[in-house]
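Step one of this worksheet: look at the structure below.
The values are calculated or read from the model by the stated rules, or taken from the named source; none is laboratory data. The structure displayed is predicted, hence computed values, not measured ones. All Cβ positions, glycine included, derive from the backbone under ideal geometry; neighbour counts span all protein chains shown.
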Amino acid sequence: MKSIFFTIFVTLLFVSIIAGCTTLKAKYDSETTYKIFKDSKKSESIFKVKIDKKGNKYGELRSQLISPGVIIGEVIEDQTDDIIFNINSIKYLSNWPNGWTQGESEASGIIVLNKDENGWKVNIKENFEIWEVIKGEIRYNDNYYRRESGLKKVKNRMKRINAAVEFLKNQDFVEYPEFFGHVKFNTAYGKSVKKAIQPFLFPETIGFGKLKSKNQLPVNYQIPLKQKDDLAIGAGFIWRKSYTDAFFPDYLRELRNTGTLWRDFEEAMHLFYMLFNIDYYFKTVLQDASFIKSK
C-alpha cells in the first residue's frame with residue numbers, strides 16, 4: 001500500500017512541476033520568431049521581432065546588462081526598412097534556490113532602428129521609463145502568491161528594491177561603478193552586485209570584523225560594543241540599529257532593521273542588478289549600438 005501511495009505522490013509532484021514550467025514558458029515565449037538582430041560590436045543586445053497568434057508583430061529586447069529584464073513593445077516596419085519599437089512593458093523572472101519572483105511592469109520609450117549600409121543604427125527617440133507593476137507572482141518554498149496577493153507582493157518588492165538602488169547611486173559612503181558586470185561574480189567585464197553591495201548594505205551577513213580587516217566598511221566607521229538596545233532581529237540575522245542610523249535614510253531604516261531588505265536582496269538579487277544597470281544600458285550602451293540581422 002505504501003508503494004502505491006508513494007507512486008501516486010511522485011507522479012502528482014512530477015505533473016505539478018511540468019505544469020509550472022509550462023505556465024512560465026507560455027507566459028514568456030511567443031508563437032513565432034520573425035527576425036533576430038544582434039549588436040554588431042559586442043553582442044550585448046539581442047532584438048527579436050515576433051508574431052503572436054493573431055498576427056501582430058512585437059519586439060523583445062534583451063541584454064546581459066539588464067538580465068533578467070525583457071523589454072516588450074509594438075513593432076512597426078516601414079518601406080525604408082526602418083523599424084520603430086514602441087515599448088510598453090518590461091518582464092522579469094528572478095530565481096533563487098527556494099523560489100522565484102516573476103513580474104511585469106508597464107514601461108515606455110521609443111527606439112528606432114534606422115537602416116544603413118552596415119545594418120541598423122539605434123536611435124532612441126524617447127527615453128526608457130519603468131512604471132507600475134501590472135503582473136506579479138512569488139514562490140517561497142511551498143508557498144505560492146498569485147493574482148492579487150502575488151501582484152501586491154511584487155509591487156512592494158519592486159518599490160523597495162528601486163528605493164534601495166536609488167539610494168546606492170546617490171549615497172556618499174561607498175563608490176560604485178556605472179554598471180555591474182555580473183550578479184554574483186567579479187569578472188573582467190565588471191564587478192558583481194553581490195560582492196560590491198552586500199558588504200555595505202548588510203555587513204552583519206558577512207561579519208563586521210572580517211569586513212574591517214579587509215577595509216570594506218565605510219571609511220571611519222567604528223564598530224560599537226554590543227548593546228541590547230542597539231540590536232534588532234529579522235530574517236535570521238541580528239542587525240545593528242546604530243549602523244542603520246549612521247548610513248541609511250529614514251525610508252530604508254525599518255526595512256533594513258527588520259531584515260525585509262535583506263530578503264529582497266537574497267531572493268531577488270537579479271532585480272537589483274537589472275534596476276541598477278538599466279539607465280546606463282539605455283543611455284550609454286544602446287545609444288551607440290548598431291544591429292545586424294542574424295535571421
Show the residue pairs that are 6+ apart or on different chains and have beta-carbon atoms under 9 Å apart, the first residue being within the range 116-140 and closer than 15 Å to Ile72 by Cβ, the second being in a strand (DSSP E or B) and among the β-branched types (Val, Ile, Thr). Phe128/Ile71; Phe128/Ile87; Phe128/Ile90; Phe128/Ile111; Glu129/Ile87; Ile130/Ile90
Mind checking which residues of the range 78-94 are in a strand (DSSP E or B) and free of Cβ contacts under 8 Å to residues at least 24 places away in the same chain? Asn88
Scanning the range 48-98 for residues that are of a type in the set (Gly, Ala, Ser) and either under 15 Å from the mean Cα position of the chain (by Cα) or under 15 Å from Leu275 (Cβ atoms) (or both) gives Ser63, Ser67, Gly69, Ser89, Ser94
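For the range 168-182, state whether one or more residues are at positive phi and either in a helix (DSSP H, G or I) or of a type in the set (Val, Ile, Thr) (or both).
The initial filter retains those residues of the range 168-182 that are at positive phi, namely none.
Scanning the range 168-182, I find no residue that is at positive phi and either in a helix (DSSP H, G or I) or of a type in the set (Val, Ile, Thr) (or both), so the answer is no.
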Any idea which of Ile161, Ile134, Ile124 is closer than 21 Å to Leu65 by Cβ and part of a strand (DSSP E or B)? Ile124
Conditions (1) at pLDDT 90 or above; (2) closer than 30 Å to Lys191 by Cβ -> Ser40 fails only (1)
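If you check Leu113 against the conditions, is it surrounded by 14 or more Cβ atoms within 10 Å (Cβ to Cβ), out of contact with any Gly (no Cβ under 6 Å at 6 or more places or on another chain) and either part of a strand (DSSP E or B) or free of Cβ contacts under 8 Å to residues at least 24 places away in the same chain (or both)?
On the way: surrounded by 14 or more Cβ atoms within 10 Å (Cβ to Cβ): yes; out of contact with any Gly (no Cβ under 6 Å at 6 or more places or on another chain): yes; either part of a strand (DSSP E or B) or free of Cβ contacts under 8 Å to residues at least 24 places away in the same chain (or both): yes.
When the stated conditions are applied, Leu113 passes them.
Would you say Leu211 is surrounded by fewer than 19 Cβ atoms within 10 Å (Cβ to Cβ) and over 21 Å from Asp279 (Cα atoms)? Before you say what the answer is, go through the steps one by one.
Numbers: surrounded by fewer than 19 Cβ atoms within 10 Å (Cβ to Cβ): no; over 21 Å from Asp279 (Cα atoms): yes.
Considered against the rule, which asks whether it is surrounded by fewer than 19 Cβ atoms within 10 Å (Cβ to Cβ) and over 21 Å from Asp279 (Cα atoms), Leu211 comes out as no.
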Odd one out for Phe282, checked against (1) within 19 Å of the chain's Cα centre (by Cα); (2) over 22 Å from Tyr140 (Cβ atoms); (3) in contact (Cβ under 8 Å) with a residue 40 or more places away in the chain; (4) not in a helix (DSSP H, G or I): (4)
Pairs under 7 Å by beta carbon, first residue more than 18 Å from Phe291 (Cα to Cα) in the range 50-74, partner among the acidic types (Asp, Glu) and surrounded by fewer than 18 Cβ atoms within 10 Å (Cβ to Cβ), six or more apart or different chains? Ile51/Glu31; Asp52/Glu31; Lys53/Glu31
For the range 256-295: of the residues being among the hydroxyl-bearing types (Ser, Thr, Tyr), more than 23 Å from Trp239 (Cβ to Cβ) and surrounded by fewer than 22 Cβ atoms within 10 Å (Cβ to Cβ), which is modelled with the highest pLDDT? Tyr280
Asp245 fails exactly one of the following numbered conditions: (1) over 30 Å from Tyr140 (Cβ atoms); (2) free of Cβ contacts under 8 Å to residues at least 12 places away in the same chain; (3) not in a loop (DSSP other than H, G, I, E, B). What is the number of that condition? (1)
Residues of the range 39-67 satisfying the condition of being farther than 15 Å from Leu113 by Cα, in contact with a Ser or Thr (Cβ under 6 Å, 6 or more places away or on another chain) and small (Gly, Ala, Ser): Ser63
